[in-house]
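The values are calculated or read from the model by the stated rules, or taken from the named source; none is laboratory data. Keep in mind the model is a prediction, meaning the values are calculated, not measured. Here Cβ is always computed from backbone atoms with ideal geometry, including for glycine, and neighbour counts include all displayed protein chains.
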Amino acid sequence: MKNTVVIGAQWGDEGKAKITDILAESADIIIRYQGGCNAGHTVVNNGKTFKFHLIPSGILYKNKLCFIGAGTVIYPDVLNEEIENLKKENIDLSGLKISPLASVTMPYHIDIDGYSEDTAKGKEKIGTTKKGIGPTYTDKVSRHGIKVQDLFDIDGLSKKLDIILPLKNKELTQIYGLKPYSKELILTLCQKYADIIKPYISNDWQKIFHDAIQQKKSVLFEGAQGVMLDVDWGTYPYVTSSNPVAGGAFTGSGFGPNMAGEIIGVSKAYITRVGEGPFATELNDETGEKIRKIGHEFGTTTGRPRRTGWFDAVVAKYGVLVSGLTSMAVTKLDVFDTFNEIKVCTAYKDTRTGEIYEYYPTNVNIHEYLEPVYETHAGWLSDISGIKKYEDLPENAKKYLARLEELMGVKISIISVGPDRHQTIFR
Ligand code: GDP
Ligand code: IMO
Ligand code: MG
């Protein structure tokens, strides 16, 4: 298999993990390169469901190296829970590797994220997962972060904490009115975190990556979140704090951009979003409820009901552009099995001026004035969840997919018609 990057092309939860899990069979190395336990990745293998937050979705195969890369943020308590759950299922974790350069989420990051969300009003609210993601990345970028490698250098960590902790405690107490942390407590926690991570830390990652390139091993990059949640390219400020676009695969993994063979975007046949922010095709009606019910659209990480809406080709085209997608995987096509009509948004219309937008307007403030321009497609009204070949799909399903390809300007290489590995059509 060519080296492949799998990314979300919408607002997350597109079914990336299912696609990653299938492609992982032919990969040697699978690497998660950004995000943290805000991600909720579901893999269904022979009727058994696995949910991952930090561990790459390739872990269910034996003899694969599964990296948690430098661009990720790790909350060791959640990682530990994930590890313990997989051990109970007798999943082999000998291939799990953690980058010494990944950032560590500390309890104060969780405190700040929770407080900021709980006290935010109106447009201030982002609807984060409260997993400390934003505050951990903030500290990383402001150079006050703690990296995995720091957990194994107690002297260095102690000196670092002498600088960081007084500032952090000032922020916690004076800005947020939260409780401060003692250095002793943080050092004790860091010792616990080191014990969790120790069996998996990959201090030899440079040799492993070097050898992988020399031996032409195949690498699969697993994205979290999606293009529209990207901190640079998404619906800012209603985004996460990392780079889910394909470029993030290289800044976050330690492999260079010349490694990209295929870049597959994953999109649902409709769209969902959790949390706040613009969503042009959102359906606050019976149809939206029907999609939520049939598609089981509730968050993997937080359990929140996902907002649902029609496929937005303006968003898809934007993802193709900013991530250089070579093809798209369309998931959850089966959710439309009982729909008479299916709509697709082809552009936005400014209700003030009548102006038509064919490209994504990146200023979120104007979105309240935009309405989607729709075209309507006839449904196929049959059960497609057992179909294995593209030719066997109903004509109307094929027409729908062909139209999406035309609008997005990229081919659809994978079609998913159910959560299981086997419910997948390759073209
Ligand atoms: P991710 O975050 O992109 O990996 O996606 P999630 O795991 O959060 O959400 C996708 C959900 O859709 C999971 O519950 C999957 O099991 C499920 N799923 C994936 N592909 C399909 C599909 O083609 N059809 C149906 N019905 N469910 C799917
Ligand atoms: P996967 O990898 C869907 C959303 C949150 C919120 C915004 C910021 O499963 O697709 P954060 O906690 O990251 O600071 O929250 O991003 N969000 C996701 N939405 N899927 C995800 O991950 C998400 N990770 C974060 O709901 O709107
Ligand atoms: Mg998810």
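Among the residues of segment 33-43, those that are within 13 Å of ligand 3 (Cβ to nearest atom) and either over 10 Å from the mean Cα position of the chain (by Cα) or in a loop (DSSP other than H, G, I, E, B) (or both) comprise 36, 37, 38, 39, 40, 42, 43.
For segment 271-285, the candidate set comprises residues that are within 16 Å of ligand 3 (Cβ to nearest atom) and of a type in the set (A, V, I, L, M); within that set, the residue that is modelled with the lowest pLDDT is 274. Selection of first residues in segment 315-339 that are free of Cβ contacts under 8 Å to residues at least 40 places away in the same chain and of second residues that are polar (S, T, N, Q) and part of a loop (DSSP other than H, G, I, E, B), restricted to Cβ pairs under 8 Å at least 6 apart or on distinct chains, gives an empty result.
For residue 17, the requirement of being farther than 30 Å from residue 110 by Cα, among the small types (Gly, Ala, Ser) and at pLDDT 95 or above is not met. Could you check, for segment 15-30, whether at least one of its residues is within 27 Å of residue 311 (Cβ to Cβ), within 16 Å of ligand 2 (Cβ to nearest atom) and in a loop (DSSP other than H, G, I, E, B)? For segment 15-30, residues within 27 Å of residue 311 (Cβ to Cβ), within 16 Å of ligand 2 (Cβ to nearest atom) and in a loop (DSSP other than H, G, I, E, B): present. Report yes if some residue within segment 185-201 is buried (at least 18 other Cβ atoms within 10 Å of the Cβ) and within 16 Å of ligand 3 (Cβ to nearest atom); otherwise report no. Scanning segment 185-201 turns up no residue that is buried (at least 18 other Cβ atoms within 10 Å of the Cβ) and within 16 Å of ligand 3 (Cβ to nearest atom). Applying the set (1) closer than 27 Å to residue 299 by Cα; (2) in a loop (DSSP other than H, G, I, E, B); (3) out of contact with any Pro (no Cβ under 6 Å at 6 or more places or on another chain) to residue 178 leaves exactly one unmet item: (1).
Of all residues in segment 44-65, those satisfying the criterion of being more than 11 Å from ligand 3 (Cβ to nearest atom), not in a strand (DSSP E or B) and not aliphatic (A, V, I, L, M) are 46, 47, 56, 58, 61, 62, 63, 64. Identification of helices (runs of 4 or more DSSP H) wholly contained in segment 216-329 with 1 or more residues that are among the basic types (Lys, Arg) and more than 13 Å from ligand 2 (Cβ to nearest atom) yields 286-294, 313-323. A single entry from 176, 137 fulfils the requirement of being in contact with a strand residue (DSSP E or B) (Cβ under 7 Å, 6 or more places away or on another chain) and among the aromatic types (Phe, Trp, Tyr): 137.
If you go through segment 19-56 and keep only what is among the charged types (D, E, K, R), surrounded by fewer than 22 Cβ atoms within 10 Å (Cβ to Cβ) and over 14 Å from residue 300 (Cβ atoms), you end up with 25, 28, 48.
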